[in-house]
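As structure tokens, the structure follows; a few thoughts come after it.
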Amino acid sequence: GQQVMQIPQYQHVQEGEDFTTYCNSSTTLSNIQWYKQRPGGHPVFLIQLVKSGEVKKQKRLTFQFGEAKKNSSLHITATQTTDVGTYFCAGPITGTASKLTFGTGTRLQVTL
Amino acid sequence: EADIYQTPRYLVIGTGKKITLECSQTMGHDKMYWYQQDPGMELHLIHYSYGVNSTEKGDLSSESTVSRIRTEHFPLTLESARPSHTSQYLCASSDGAGGNYEQYFGPGTRLTVT
């Protein structure tokens, strides 16, 4: 079946360091979404990428969608303690538009 | 912030009990979802609804059932709870307008079956 893997599974950084999580799908995706889940919280939508090679920025966050539309990345510049949480990518289940397969997630810990 | 609500937030219940987890949204979204998430793990879709009277099971097999009698309401029922059902259950909704399938999540129900 369709699988969406993320690496690393966990990363611990010092505040001010950069962070990147990578998302890889076993199938081509029509779009990719990114969510953030704070500890004890629920996932919150960050962004959706649709076009091959698309790059979008939200302040310190940069999102990329691969040329083959099978991979994506999220890069955070100069992390802050407010960035702590688990970041999930998600892509539509093959043959559907609205049902998602979530990635395995990357948990980010930021310390001072 | 999205208007999607789940009750109860926490539930501890004994084996064999019947439980219903409530989920409501006030955004008029057609599509609603139930996910199961163990601590620190990914989300698994267990139920999906396209709209009123339309439901289907997700990719993760679940002994729970759902109903969608009203657009805003999507309850999940476990007829006989077991310890293996202990998990967090997240409800979400989306409308797909303009090709944007952003999902809005409720706060979740943390279920413990003893």
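The values are calculated or read from the model by the stated rules, or taken from the named source; none is laboratory data. These numbers come from a predicted model, not from an experiment. Every residue, glycine among them, receives a Cβ derived from its backbone with ideal geometry; neighbour counts consider all protein chains shown.
Name the residue that is farthest from the other protein chains (Cβ to nearest Cβ), counting only residues in segment A:94-112 that are within 25 Å of A:TYR10 (Cα to Cα) and in a loop (DSSP other than H, G, I, E, B). Explain how you work it out, then say what you get.
Initial filter on segment A:94-112 (within 25 Å of A:TYR10 (Cα to Cα)): A:100-112.
Narrowing the set further to residues that are in a loop (DSSP other than H, G, I, E, B) leaves A:103-105, A:112.
Values: A:GLY103: 6, A:THR104: 5, A:GLY105: 5, A:LEU112: 23 Å.
Result: A:LEU112.
For segment A:58-76: of the residues being loosely packed, with under 14 Cβ neighbours inside 10 Å and outside any strand (DSSP E or B), which is nearest to the other protein chains (Cβ to nearest Cβ)?
Kept after step one, since they are loosely packed, with under 14 Cβ neighbours inside 10 Å, are these residues of segment A:58-76: A:58-59, A:67-68.
So of that shortlist, the ones also outside any strand (DSSP E or B) come out as A:59, A:67-68.
Values: A:LYS59: 19, A:GLU67: 20, A:ALA68: 20 Å.
Looking at the filtered set, the residue picked out is A:LYS59.
Here are some residues: A:THR28, A:THR79. Which one is over 17 Å from B:GLU42 (Cα atoms), assigned to a loop (DSSP other than H, G, I, E, B) and in contact with a Phe, Trp or Tyr (Cβ under 7 Å, 6 or more places away or on another chain)?
Values: A:THR28 fails: in contact with a Phe, Trp or Tyr (Cβ under 7 Å, 6 or more places away or on another chain).
Only one candidate qualifies: A:THR79.
Among (1) touching a residue at least 40 places away in the same chain (Cβ under 8 Å); (2) assigned to a loop (DSSP other than H, G, I, E, B); (3) within 14 Å of another protein chain (Cβ to nearest Cβ), there is one condition A:GLY91 misses while meeting the rest; what is its number?
Exception for A:GLY91: condition (2).
Determine whether B:LEU11 is more than 13 Å from the chain's Cα centre (by Cα) and assigned to a strand (DSSP E or B). Even if it seems obvious, please write down each step before you answer.
Values: more than 13 Å from the chain's Cα centre (by Cα): yes; assigned to a strand (DSSP E or B): yes.
Here the answer is yes, as B:LEU11 does meet what is asked.
Among (1) within 10 Å of chain A (Cβ to nearest Cβ); (2) over 23 Å from A:THR96 (Cα atoms), which single condition is B:HIS44 missing?
Result: B:HIS44 fails condition (2) only.
So, A:LYS51, is that one away from chain B (no Cβ under 14 Å), out of contact with any helix residue (DSSP H, G or I) (no Cβ under 7 Å at 6 or more places or on another chain) and either assigned to a loop (DSSP other than H, G, I, E, B) or modelled with pLDDT of 95 or more (or both) or not?
Values: away from chain B (no Cβ under 14 Å): no; out of contact with any helix residue (DSSP H, G or I) (no Cβ under 7 Å at 6 or more places or on another chain): yes; either assigned to a loop (DSSP other than H, G, I, E, B) or modelled with pLDDT of 95 or more (or both): yes.
So A:LYS51 does not fit the description; no.
Sort through B:TYR10, B:TYR50 and tell me the only one that's within 12 Å of chain A (Cβ to nearest Cβ) and surrounded by 14 or more Cβ atoms within 10 Å (Cβ to Cβ).
Values: B:TYR10 fails: surrounded by 14 or more Cβ atoms within 10 Å (Cβ to Cβ).
Just a single option satisfies the conditions, and that option is B:TYR50.
In segment A:31-65, what residues are among the aliphatic types (A, V, I, L, M) and under 19 Å from B:HIS44 (Cβ atoms)? Don't jump to the end; show me each part of the working.
Going residue by residue through segment A:31-65, those that are among the aliphatic types (A, V, I, L, M) are A:32, A:44, A:46-47, A:49-50, A:55, A:61.
A:ILE32, A:VAL44 - these are the residues of segment A:31-65 that are among the aliphatic types (A, V, I, L, M) and under 19 Å from B:HIS44 (Cβ atoms).
What is the one condition in (1) aliphatic (A, V, I, L, M); (2) within 13 Å of the chain's Cα centre (by Cα); (3) part of a loop (DSSP other than H, G, I, E, B) that B:MET27 does not satisfy?
If we test B:MET27 against (1) aliphatic (A, V, I, L, M); (2) within 13 Å of the chain's Cα centre (by Cα); (3) part of a loop (DSSP other than H, G, I, E, B), just (2) comes out false.
Residues to consider are B:LEU90, B:LEU111, B:LEU60; find the one that is within 14 Å of chain A (Cβ to nearest Cβ), among the hydrophobic types (A, V, I, L, M, F, W, C) and outside any loop (DSSP other than H, G, I, E, B). Break it down into steps so the answer makes sense when it comes.
Working: B:LEU111 fails: within 14 Å of chain A (Cβ to nearest Cβ); B:LEU60 fails: outside any loop (DSSP other than H, G, I, E, B).
One residue alone meets the criteria, B:LEU90.
How many residues are outside any loop (DSSP other than H, G, I, E, B) and surrounded by 13 or more Cβ atoms within 10 Å (Cβ to Cβ) if we restrict to segment A:12-25? Break it down into steps so the answer makes sense when it comes.
The first filter runs over segment A:12-25 and keeps only residues outside any loop (DSSP other than H, G, I, E, B), leaving A:12-14, A:19-25.
Right, trim to surrounded by 13 or more Cβ atoms within 10 Å (Cβ to Cβ) and you get A:13, A:19-25.
Count: 8.
For segment B:30-46, enumerate the residues that are more than 21 Å from B:SER67 (Cβ to Cβ) and more than 12 Å from the chain's Cα centre (by Cα).
Once the filter is applied, which keeps residues that are more than 21 Å from B:SER67 (Cβ to Cβ) and more than 12 Å from the chain's Cα centre (by Cα), segment B:30-46 yields B:ASP38, B:PRO39, B:GLY40, B:MET41, B:GLU42.
If B:GLY106 meets every condition in (1) at pLDDT 95 or above; (2) within 14 Å of chain A (Cβ to nearest Cβ); (3) surrounded by fewer than 20 Cβ atoms within 10 Å (Cβ to Cβ) apart from one, which number is that one?
Going through the list (1) at pLDDT 95 or above; (2) within 14 Å of chain A (Cβ to nearest Cβ); (3) surrounded by fewer than 20 Cβ atoms within 10 Å (Cβ to Cβ), B:GLY106 breaks only (3).
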